[in-house]
Amino acid sequence: MRTGIVRIIGGATLSVLMASYMPLYAYADTYDISEGSITVSRDETAQTVTQAGNYAVQDKEDSDPVITSNNQEVSGVTLTIEASAGQEAEVTIQNLNINDSSNGDTPAILTTGEGNVKINLDGVNVVKSGNNCAGLQKENEGNLIITDNNATGSLEATGGRYGAGIGGGDMGSGTDITIEGGTVTATGGDGGAGIGGGVWGSGTDITIEGGTVTATSESRGAGIGGGECGSGTDITIEGGTVTAIGGDHGAGIGGGEWGSGTGITIKEGGTVTATGGFYGAGIGGGYKESGRDITIKEGGTVTATGGFYGAGIGGGYNGSGTDITIKEGGTVTATGGDRGAGIGGGGAESGRDITIEGGTVTATGGNRGAGIGGGNGGSGTGITVSNNAHVMVSGGIYDQYSGAAIGDGVQYDIDTSEVSSGEEVSPDVSLLSSDGYILYYPAGTTANQIKNGSVQPTKILKSIITSSEALIDEGNTPQDEYAASEVISITHSSSGGSYVDNSEVNSIPTSSEEFAAFLAATNNTLEVYIKKIEAMMAAGDTEGLNALVSKGITLETGNWVCFNKKTYALIEKISDLGAPVTISFAYKGRRYSTVIPGKADIRPLDLCNEEGYCGFLNLIKYYGGGEK
């Protein structure tokens with residue numbers, strides 16, 4: 001008997017011992033928060049779940065708990081997620097609906113600790129917090145990551161008064177926030193950002209990598225960035241569809257009221273729509289603050305609209321827009337609010353160091369603001385357009401006064417009370433490629449009018465490929481070879497040849513903006529060359545003059561096969577001064593050249609057809625030359 005008893009006891013003892021040493025497997029259980037507030041804690045040993053009032057759920061290990069309310073609205077509860085240093089707590093919220101909006105100082109979701117917190121979205125989740133709290137209040141020192149593993153989840157987070165939608169509560173910043181996916185709608189309360197800081201809180205190191213994100217401030221905060229009196233810094237959007245709307249005095253993306261927007265980068269595709277509140281920039285500074293170090297690159301579509309007195313991209317009211325760069329493709333539409341520049345300064349401030357290196361950019365100034373440059377009363381300096389950038393610009397209009405397309409906003413002299421239109425500034429286009437251009441539209445032209453073609457440009461700036469080495473050798477910069485002249489006419493049509501070899505003119509779309517830009521650029525090149533000759537003649541520089549004239553000038557194109565009368569008149573003038581003009585061109589896949597000699601007996605203008613054009617093949621007939 002004893003032996004049997006011993007065996008039974010021994011067997012039981014062995015089972016207990018085995019159980020105590022077997023690994024504990026963590027199951028992804030579901031917890032209903034309607035039964036009490038829940039705390040998920042992750043430390044160096046395990047992740048546990050504790051629910052208030054539920055003795056069955058106390059420090060229960062679970063590596064991936066699912067928190068729900070089964071789509072039922074509950075109040076008076078909080079989901080707290082905490083992570084120790086070097087650890088990451090991970091939670092899935094599924095059909096969770098917490099409404100603590102009537103419970104002051106009560107956040108619906110709170111993250112704490114020194115580590116990282118990851119929240120996976122599943123189903124429809126709605127959280128609302130009480131005053132002084134963010135909807136999803138981020139207090140952990142590490143990263144807050146919101147993701148959607150199943151691509152079916154959503155989160156609607158609404159902050160109470162003074163709190164962000166996602167980020168900081170009253171006097172709290174929203175830092176190190178990453179949204180990887182899901183449909184996220186974040187609404188900040190009075191003084192709070194949609195995503196970022198609460199009142200007196202900044203929004204920093206915020207990254208959106210994907211999903212559909214809508215971030216709105218009720219008042220005085222940015223859509224994404226700082227709350228009231230808070231800046232928005234190091235904000236990166238690199239995918240997804242993002243809509244950011246600032247509250248009154250806040251930027252769409254950037255600073256809240258009295259907050260700047262700096263280190264903002266939009267890249268790698270995606271669609272971004274940013275709208276500033278009253279006095280806020282679309283992207284950049286809030287009320288009385290600047291927008292600087294803003295970069296849009298690597299594709300994507302960006303639409304930025306300033307609020308009253310705010311720039312589309314740049315400064316809020318009384319805030320400058322500086323160090324703004326657009327490059328590497330993409331489509332950007334920037335519209336200034338009343339008195340703000342499209343890109344640059346808000347009302348009463350300037351736009352400086354603005355660089356467009358590529359992409360398609362449409363920039364229109366608000367009432368009295370420049371398209372690119374200064375807001376009302378502000379200047380535009382350090383503006384560069386290069387590479388294959390396609391830029392369309394127009395200044396805002398006020399009575400008979402207007403902001404520059406590129407340059408200064410409408411100016412007001414305090415001493416004399418005189419109002420004047422903004423001065424146009426010549427951008428640096430020394431590195432503009434043959435595929436790049438700037439189209440200047442009449443003041444008051446809207447972005448929609450530019451896009452639908454209902455208003456035509458009045459001036460075109462475009463590169464022309466030349467080999468006029470004499471210009472550069474004599475001290476001129478390459479920029480002298482770019483056009484900055486008004487297009488006299490862009491409505492020519494051609495019906496063919498008065499001359500036997502003028503038939504190549506038939507296919508030229510002489511009414512196109514591209515052809516008009518080609519002519520304007522060519523004329524500018526010729527005019528610069530003429531001025532150089534005339535300057536040397538006036539200075540008595542015989543040696544330099546002989547060298548310049550003997551070398552002549554070469555015009556090269558791969559796209560066009562004719563000039564009009566205005567261009568040939570300039571060529572005749574150069575010929576009369578004794579300099580040869582070489583024209584190199586492509587036609588039907590082959591390259592040709594011809595030289596109009598100095599002091600030519602045959603006048604180029606005499607070779608033009610009835611509509612004022614002469615094809616380059618026709619020049620070969622009279623001046624010689626041929627296939628190269």
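The values are calculated or read from the model by the stated rules, or taken from the named source; none is laboratory data. All values reported here derive from a predicted model rather than from experimental measurement. Here the Cβ positions follow ideal geometry from the backbone for every residue, glycine too, while neighbour counts run over all protein chains shown. Keep in mind that these areas ignore ligands, DNA and RNA; they rest on the heavy atoms of the full protein, side chains included. Shrake-Rupley method; radii C 1.70, N 1.55, O 1.52, S 1.80 Å.
Condition check ((1) surrounded by fewer than 16 Cβ atoms within 10 Å (Cβ to Cβ); (2) among the polar types (S, T, N, Q); (3) within 20 Å of residue 527 (Cα to Cα)) across all residues:
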| position | (1), (2), (3) |
| --- | --- |
| 577 | no, no, yes |
| 580 | no, no, yes |
| 583 | no, no, yes |
| 588 | yes, no, no |
| 592 | no, no, no |
| 595 | no, no, yes |
| 605 | yes, no, yes |
| 610 | yes, no, no |
Looking at residue 138, is it open to solvent by less than 20 Å² (accessible area, probe 1.4 Å) and basic (Lys, Arg)? yes
Only one of 170, 122 is farther than 12 Å from residue 247 by Cβ, buried (at least 22 other Cβ atoms within 10 Å of the Cβ), over 24 Å from the mean Cα position of the chain (by Cα) and of a type outside the set (Gly, Ala, Ser), namely 170
task: Evaluate the following for residue 179: is it open to solvent by less than 10 Å² (accessible area, probe 1.4 Å), under 26 Å from residue 373 (Cβ atoms) and modelled with pLDDT of 95 or more?
output: no
- Would you mind stating whether residue 235 is open to solvent by less than 10 Å² (accessible area, probe 1.4 Å) and of a type outside the set (S, T, N, Q)? yes
Residue pairs within 6 Å by beta carbon, gap of at least six or interchain, first lying in region 30-55 and basic (Lys, Arg), second buried (at least 19 other Cβ atoms within 10 Å of the Cβ) and not in a loop (DSSP other than H, G, I, E, B), listed first then second, are 42/83; 42/89
Filter region 46-95 for residues that are surrounded by 20 or more Cβ atoms within 10 Å (Cβ to Cβ) and among the small types (Gly, Ala, Ser); the one that is nearest to residue 119 (Cα to Cα) is 89
Checked region 590-605 for anything in contact with a helix residue (DSSP H, G or I) (Cβ under 9 Å, 6 or more places away or on another chain) and within 19 Å of residue 574 (Cα to Cα); matches are 593, 594, 595, 596, 597, 598, 599, 600, 602, 603, 604, 605
In the set 83, 46, 26, 12, the lone residue that is modelled with pLDDT under 95 and under 46 Å from the mean Cα position of the chain (by Cα) is 26
Scanning region 393-415 for residues that are open to solvent by less than 20 Å² (accessible area, probe 1.4 Å) and assigned to a strand (DSSP E or B) gives 393, 394, 406, 407
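Each row is one residue, and each column tells you yes or no for (1) among the basic types (Lys, Arg); (2) open to solvent by 50 Å² or more (accessible area, probe 1.4 Å); (3) touching a residue at least 24 places away in the same chain (Cβ under 8 Å).
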residue: 531; (1), (2), (3): yes, yes, no
residue: 539; (1), (2), (3): no, yes, no
residue: 542; (1), (2), (3): no, yes, no
residue: 548; (1), (2), (3): no, no, yes
residue: 551; (1), (2), (3): yes, yes, yes
residue: 555; (1), (2), (3): no, no, yes
residue: 559; (1), (2), (3): no, yes, yes
residue: 565; (1), (2), (3): yes, yes, yes
residue: 570; (1), (2), (3): no, no, yes
Of the residues in region 140-199 that are in a strand (DSSP E or B) and among the acidic types (Asp, Glu), the one that is nearest to residue 219 (Cα to Cα) is 190
Within region 321-349, the residues that are over 16 Å from residue 364 (Cβ atoms), open to solvent by 20 Å² or more (accessible area, probe 1.4 Å) and at pLDDT 95 or above are 323, 325, 348, 349
Residues of region 438-470 being modelled with pLDDT of 90 or more and either of a type in the set (Val, Ile, Thr) or surrounded by 22 or more Cβ atoms within 10 Å (Cβ to Cβ) (or both), in sequence order, are 438, 439, 440, 441, 443, 445, 446, 450
When region 370-423 is checked residue by residue, the ones that are at positive phi and at pLDDT below 95 are 387, 399, 417
